[in-house]
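Laboratory data are not the source of any read-out in this text; all were calculated from the coordinates shown. Since the model is a prediction, treat every value here as computed from it, not as a measurement. We place every Cβ from the backbone using ideal geometry, glycine too, and count neighbours over all the protein chains shown.
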Amino acid sequence: MDYDFKSIEAKWQSWWAEHKTYRAVEDPSRPKFYVLDMFPYPSGAGLHVGHPLGYIASDIFSRYKRLRGFNVLHPMGYDAFGLPAEQYAIQTGQHPEKTTTVNIARYRSQLDRIGFSYDWEREVRTCDPAYYKWTQWAFLKMFDSWYDPVQDKARPISKLIEKFKKEGRWDGLSEQEQSDLLMQYRIAYQGETSVNWCEELGTVLANDEVKDGVSVRGGFPVVQKKMKQWQLRVSAYASRLLDSLESLDWSDSLKEMQRNWIGRSEGAEVEFDTVCDGVHRQITIFTTRVDTIFGVTFMVLAPESELVPQLTAAANKAEVEEYLAASRKKTERERMAQTGKNVTGVFSGSYGINPLTGEQIPIWISDYVLAGYGTGAIMAVPAHDSRDYAFARKFDLPIIPIIEGCDVSEESFDAKEGKMCNSGFLNGLDVKEAIEKAKDYVEAKGIGRRKVNYRLRDAIFSRQRYWGEPFPVYYKDGIATPLPESELPLCLPAIDSFKPTGEAPLARAKDWTYEGYPIETSTMPGFAGSSAYYLRYMDPHNDEALVSPEANGYWRSVDLYVGGTEHATGHLIYSRFWNKFLYDLGYVCEDEPFRKLVNQGMIQGRSNFVYRIKGTNTFVSSTLKDSYDTTEIHVDISLVHNDRLDLEAFKAWRPEFADAEFILDDGEYVCGWAVEKMSKSMYNVVNPDEVCDNYGADTLRLYEMFLGPVEQSKPWDTKGIDGVVRFLRKFWRLYWDREEFLVKDTEPSPAELKVLHKLIAKEQEDIENFSYNTTISAFMIAVGELASLGTVSRAILEPLAVLLCPFAPHVCEELWHALGHEGSVCDAPWPEYVAAYAADDTVTYPVQFNGKMRFTVDMPRSASPAEVEAAVRSNAQTDKYVAGMNIVKVIVVPGRIINIVLK
RNA sequence: GCCCGAGUGGCGGAAUGGUAGACGCGAUGGACUCAAAAUCCAUUGUCCCUUAAAGACGUGUGGGUUCGAUUCCCACCUCGGGCACCA
């Protein structure tokens, strides 16, 4: 029989489906292992070969763990709410649900062809009401909770009310006042803050959805706007999110990204007296450099700070108003661009009083100070802060150096080193000591206190969009009131048009009311549905709970999570927050959701180019292009083989090339190439379906892993796939020769057993380290060796099929059944490694003289270093290389090398 | 600017202190064939050389540690990623 991957793959894929081979069932008698992929957003473009990279890696790991006796949970689903489907609906009028369903079906068929071991009975879709019921439920729990700083965890809001009652702060408040009070404490709360507003998308965005001042989706400009929005009090968890990062088995770079995003900084808050038109008032600033307080020459408020109206002198009002108005209109991008000399600001007309020197200093307003960080007000030390320095230079404010010997004529001295001067009681101290002493001083004087600040902000949780989870909240006489849990899920209502009209789409829904009161018209953001999906997979059909304590107690948390780095500051922060919240309330048993995380690299495209001579329709081969003035044009990689252009196909590709002429090199047109992002516009997209059609799923799986380490980005180049194709054919031929099944019940030779055991040892080690490319190399070597040994023994070939099955499940399943087994190879026992064959081994030691290799010596692996040394000293060749010199020492590294040091 | 990560043949990559370039692609030569495909065999870092033996050089650059460095340390260069008025 020949290796016919098409029929083999189709046959076993349906066999697996029929036999429910990959169904996971809780079984307390077996150890569990939970392997999770980041579920995809089902986009209209379908999958390209880069997408399944992580899925293949995790599938190999799942199958391997299963062979090692673990009860593996390996689910898949869809992150199905999101902007693109809605944008598409706006353009075409098609309901997002419809396009999403179509896209999901396409994703599913593409995934199915690759032969993943997913338990599809556990599939989740975030847009399914049965699923988003639990997203809404979690929101209600967050609404009904507060963060208790004493116990350092979230607790029911009723406990807070009890506390207020005891303190006499509750009774006598009106309903509205009670609601307003609690709103300041709820984990999910509604609050007025400065938010990222994207006009083009008609919605607010969270911090991680904005990059370089534009929206991540679409790249539209973003402005700061004060708005009342639903938010999640993620900031309450900042220190816990930071601290428990230590315990996670994630890459250092990813942890570092999260640390940066959380942005802990230690400093102090200091009170400054201010005077504005004769009115005195205290304000608080935050600084990490209390030691520089003698160098303060002015203060700055953020334009959005609520202190601005209070500290604007009547005489300066007009100017300040003008500045505030201009600042409001700027996009984030414009604000970020105005660094250094372009810095802007306006004098408020009021003054602060330095609490240490008693000196009066002007208060300015500038948007280089952020409202959302610290207190929105700073003390400016231009000599030792580059931003303050730029501002002082621009507006001609004094600069007083307070560190000995520093030169501030050209730039500020920001480093935390040197000896203090011009600083009263701090003089002569080292900067680090001065910081501590100054903190002690302000605390003792009662004018300040130590304070840790975090950059991490609360997450803006509402979106003025349609295609998301509705908030289970209605407004009873203007008071935000949760829907009773029994009303969940609150289903997304039908609307007649998706076109933006300036109001939230749900405001146009008919009867969007509860008991006659209006329901919230915002919907939840994309990260809502993805924050707890890993919990839902544990118990996906439960109507009573997000996850039952039994299911959660068994599967606990994700043992291995595979996905891209792009979620480092979004999903992976929100999920950890969400999980910690549920943990605080006792709904889940683990504090962290993802124990080990592997970031797969990107698969880049390999683009091809043709070179058109400017002003003509003549194309010159890349090998000759330097003698012409050419334009580089992307050409579809399907028209190119081995970098040689198919001229006829190229002419037929697009009408403008129909009469193209060519300058060939040696009869061939050689295309240029480059590694770029895989995308339609670069004509370098490779579709996994095509690869499955032409080479088979097992080949695709092996090749993606063989390309290089999973974590690394690497280019896809289809021409390299032949090596893997040849390997699989060779592997097949160990079992089958035309019509004859070669496997016999003969005794294997020691040489054959050695090949097998070497492979078992290598695979065990490599899979645990995600070093799949080297495992596959080891397979290629082993199969080559077995072929030349003429292996037919069942004792070798049966375990061999098991070993390869995580990588190439279809072909191994076929062979496993050909060997006479009834059940799936997935349930085969992992081949035992027989230590005897390793002990029996011979090691060929290279013998070096002063680091230079001269000859080799064969020794049994079990030989002691002393025995090896003795054997080498008495070797006939040794004398020749010693040649009259003295042997200083002999270094024997067991199993590796012998080095003889001569002098 | 700050913080991570990476630089190895024509290409993807292997080796985390011990024979640098495993394995694969590509390339060259050969076998089989009327021929092609497929398959198999051999060669394939650079230099010197007719060839071979032998040798020298060689993991971004320059230093250092070591009997021995792609691997560890210091400085620099280049590329990739993240953060960036966070006081």
Could you tell me which residue out of A:Gln87, A:Tyr517, A:Ile285 lies farthest along the dipole of chain A toward its positive end? Charges go on the beta carbon: Lys and Arg +1, Asp and Glu -1, centred on the Cα centre.
A:Ile285
Computed on Cα atoms, the radius of gyration and Dmax of the range A:259-392 in angstrom are 14.4, 45
Over the range A:397-486, the quotient of the Cα radius of gyration and 2.2 N^0.38 Å is 2.08
Beyond 16 Å, what percent of the Cα pairs of the range A:1-67 remain?
67
Based on other C-beta atoms within 10 Å, arrange A:Leu759, A:Leu585, A:Leu702 from fewest to most.
A:Leu585, A:Leu759, A:Leu702
Diffusion constant of the range A:1-125 at 10 °C, which comes from Stokes-Einstein with the Kirkwood Cα-pair radius and 1.306 mPa s, µm²/s:
98
Residue-count net charge about A:Ala782 - beta-carbon cut-off 11 Å; Lys, Arg +1, Asp, Glu -1
+1
Expressed in µm² per second, the diffusion coefficient of the range A:423-545 from the Stokes-Einstein equation, with Rh the Kirkwood radius over alpha carbon pairs, at 37 °C and 0.692 mPa s, is 170
Taking 0.36 nm per residue of separation and subtracting the Cα-Cα distance, what length does fully extending A:Glu322 through A:Glu199 add?
42.0 nm
Kirkwood Rh and Cα-based Rg: tell me the resulting Rg over Rh for the range A:186-280, rounded to two decimals.
1.09
Among the aspartates and glutamates, which have Cα under 19 Å from the Cα of A:Lys98 when same-chain residues fewer than 8 positions away are ignored?
A:Asp79, A:Glu86, A:Glu123, A:Asp128, A:Glu469, A:Asp496
By the rule of another cysteine's Cβ lying under 4.7 Å, the cysteines of chain A that fail to get a partner are A:Cys127, A:Cys198, A:Cys276, A:Cys406, A:Cys421, A:Cys491, A:Cys589, A:Cys671, A:Cys692, A:Cys826
Fewest-first ranking of A:His571, A:His541, A:His634, using other Cβ atoms within 10 Å as the exposure measure
A:His541, A:His634, A:His571
Can you list, bin by bin at 5 Å, the percent of alpha carbon pairs in the range A:676-780, starting at 0?
2, 10, 16, 19, 19, 14, 10, 6, 3, 2, 1, 0
Give the long-range amide H neighbours of A:Lys32: residues separated by 5 or more places, or on another chain, with amide H under 5 Å away, using H modelled in the peptide plane at 1.01 Å from N.
A:Asn71
Loop trypsin sites (Lys or Arg not before Pro), the range A:572-671 (other Cβ atoms within 10 Å of the site Cβ: 13 or fewer; DSSP):
A:Lys614
Can you give me the Kirkwood hydrodynamic radius for the range A:575-669, using every pair of distinct Cα atoms, in Å to one decimal?
17.2
Where q = 0.17 Å⁻¹, what log10 of I(q)/I(0) comes from the Debye formula for the range A:722-810, counting one point per Cα?
-0.68
Low-density loop positions, GluC sites (Glu not before Pro), the range A:793-892 - DSSP coil, at most 12 other Cβ in 10 Å:
A:Glu822, A:Glu832
For A:Asn850, the net charge from surrounding residues (Cβ-Cβ under 12 Å; K, R +1; D, E -1) works out to +4
Over all distinct alpha-carbon pairs, what is the Kirkwood Rh of the range A:218-274 in angstrom?
15.1
When the charge dipole of chain A is computed with +1 on Lys and Arg Cβ and -1 on Asp and Glu Cβ about the Cα centre, the Cα farthest towards its positive end, among A:Thr101, A:Leu73, A:Gln338, belongs to A:Gln338
When the charge dipole of the range A:324-424 is computed with +1 at the Cβ of Lys and Arg and -1 at the Cβ of Asp and Glu, the Cα pointing farthest to the positive end, of A:Asn422, A:Ile361, A:Ser412, is that of A:Ile361
How large is log10 of I(q)/I(0) for the range A:434-487 at q = 0.14 Å⁻¹ when the intensity is taken from the Debye formula with one equal scatterer per alpha-carbon?
-0.64
Over the range A:514-650 - Rg/Rh using Cα atoms and the Kirkwood inverse-distance radius
1.33
Descending Cα extents along the principal axes, the range A:627-688, whole Å:
33, 25, 21
Please report Rg over Rh for the range A:818-902, where both radii come from the alpha carbon positions and Rh follows the Kirkwood definition.
1.32
The lysines whose Cα lies under 24 Å from the Cα of A:Lys651, excluding any fewer than 8 residues away in the same chain, are A:Lys614, A:Lys625, A:Lys680, A:Lys719
Largest first and to the nearest Å, give the Cα extent of the range A:762-903 along each principal axis.
69, 29, 24
Using only the Cα atoms of the range A:81-216, each taken as one equal point scatterer with no solvent, compute I(q) by the Debye sum, divide by I(0), and report log10 of the ratio at q = 0.11 Å⁻¹.
-0.71
Please give the length that would be gained between A:Arg738 and A:Gln310 if that part of the chain were fully extended, namely 0.36 nm times their separation in residues minus their C-alpha to C-alpha distance (nm, one decimal).
145.0 nm
Give, rounded to the nearest 20 debye, the magnitude of the charge dipole that chain A has about its Cα centre when Lys and Arg contribute +1 at Cβ and Asp and Glu contribute -1 at Cβ.
1060
How big is the C-alpha Rg of chain A next to the rule-of-thumb value 2.2 N^0.38 Å, as a ratio?
1.17
With each label point set 7 Å from Cα along the Cα-Cβ vector, what nm distance links A:Asp2 and A:Ile663?
4.5
Treat every Asp and Glu Cβ in the range A:809-869 as -1 and every Lys and Arg Cβ as +1, leave all other atoms uncharged, and give the resulting dipole magnitude about the Cα centre to the nearest 20 debye.
560
Sorted from largest down, what three extents in whole angstroms do the Cα atoms of the range A:768-851 have along their principal axes?
59, 29, 24
A:Ser486, A:Ser462, A:Ser679 arranged by Cβ crowding within 10 Å, fewest neighbours leading
A:Ser486, A:Ser679, A:Ser462
Distance in nm between label sites at A:Asp252 and A:Glu632, each 7 Å beyond Cα in the beta-carbon direction?
3.5
